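Written below as structure tokens is the structure these notes are about.
All of the numbers you see were taken from the coordinates with simple rules; none came from a lab. Predicted model, so just to flag it, every value in this text is computed and none were measured. No Cβ is skipped: glycine too gets one built from the backbone with ideal geometry, and neighbour counts run over all protein chains shown.
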Amino acid sequence: MELFTIAPADRRFLTRSLRCHAVIWLVIGALFTIGSLVPSQGPYAAAPVNKPANKIEVEVPARIDAHVPVGWRRTADGWEHTSNWLSVDKSIDTWIDEQKSREPAWIQRTLAMIRNTPPLVFAMLQVSMITAVVLITTRRKLTV
């Protein structure tokens, strides 16, 4: 059974193109890594940034109060009056805390790492996966 086929001329072009793109992505990644390093000593050391005196400090509330809706609301089941809804004794903060306590610590760490991953890393991962698929199918064609 053959799931994925590419003409030989197209395969050579795609392989060469993907290799060139892989090299370009590696160079961009290296430049990004080098550019993100901030020297702490020497002639190119970053100068300390002083906070301006006229900066306005904004106080963010520790908790946002959610209000229970009143009246008619459009839901997935159509228009419903809120008096027919079940009463909710918990606040949203309580629900969030309960959900966090149910999740294992390793899931929270993994999701935090994924949230902090730049989109460029996902793009490079996709390009490398396409390269792997093309190379695997090429080698299977050559061995058969």
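If the segment from Val23 to Thr110 were pulled out straight at 0.36 nm per residue, it would be longer than the present Cα-Cα gap by 28.5 nm.
When the GluC sites (Glu not before Pro) in segment 59-131 are filtered for DSSP coil states and for at most 15 other beta-carbon atoms within 10 Å of their beta-carbon, the remaining sites are Glu59.
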